Structures are given as C-alpha cells and as structure tokens.
Amino acid sequence: RQSASTSSMIYSPAETISELSRFSDLYPGDVILTGTPKGTALSTKKGFRSWFIGQLSESKRWEIFVRDQQKSGRYLNPGDVVESRIFSSDGRISLGLQRNVVVGEEEAY
C-alpha cells in the first residue's frame, strides 16, 4: 500500500545523519530509524470534527485519536506480508529485498 521514496520525507537521510552526528558518534553498521514517508495507515480527520476535537482536553483527544485509528482497518494484521526494497533511483545500488510476515503477539515470542 505504501510506495514512496526518501525524497518524500520531511528531512533527507543526509540531513538526518548530519543532525544525529552533532550529538552522537555514528559508526559503520549503525542503524538509524527515520520514520516513514507519506502513504502510511495513520490519518486524522479534517474540518469541523477536527476543530471540535481540538477544543477537548489532551487526554480526551488522544482517546479519540486511538479509537479512530483502531477502527480504521488500515493497520497491519497477522498474516500480512511487508516487502521492503532499498535501492538508488538509477538502479546502480540495490541493498536487496526484505520480506516479513506479520505475526500476532502470542506468536512473537
């Protein structure tokens, strides 16, 4: 469902690495988790409902937000398959394909 490149991210990988290196030493093999570009399951309401919810307490806003996300049906479920490819836009570099099957909590350990 998601097909986006790092060019869609708020901060480029180079900017992220530059900022992180200001306060943390980075070494070969370190993994940096950056989040995700557009196209994820997360969404928020727009318009009057959004304005109305904004008038509520923070705890109530979070309660409504979590409830809405749980009802959306857009999140991963056990049995879903996630395939991720990392490659340069010109095709000269390819780090391969990762294929992961989502498992439930009871299967995770």
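The values are calculated or read from the model by the stated rules, or taken from the named source; none is laboratory data. Source: prediction; values computed, not measured. FYI the Cβ positions are ideal-geometry reconstructions off the backbone, even for glycines, and counts take in every protein chain you see.
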Where in the range 1-103 are the helices (runs of 4 or more DSSP H), entirely inside, with at least 1 residues that are polar (S, T, N, Q), surrounded by fewer than 10 Cβ atoms within 10 Å (Cβ to Cβ) and at pLDDT below 85? 58-71
Pairs with Cβ under 7 Å, 6+ apart, first in the range 79-108 and without any contact (Cβ under 8 Å) to a residue 40 or more places away in the chain and outside the structural domain of Thr6 (by TED's automatic domain parsing), second surrounded by 10 or more Cβ atoms within 10 Å (Cβ to Cβ) and of a type in the set (Phe, Trp, Tyr): Ile93/Phe87; Ser94/Phe87; Leu95/Phe87
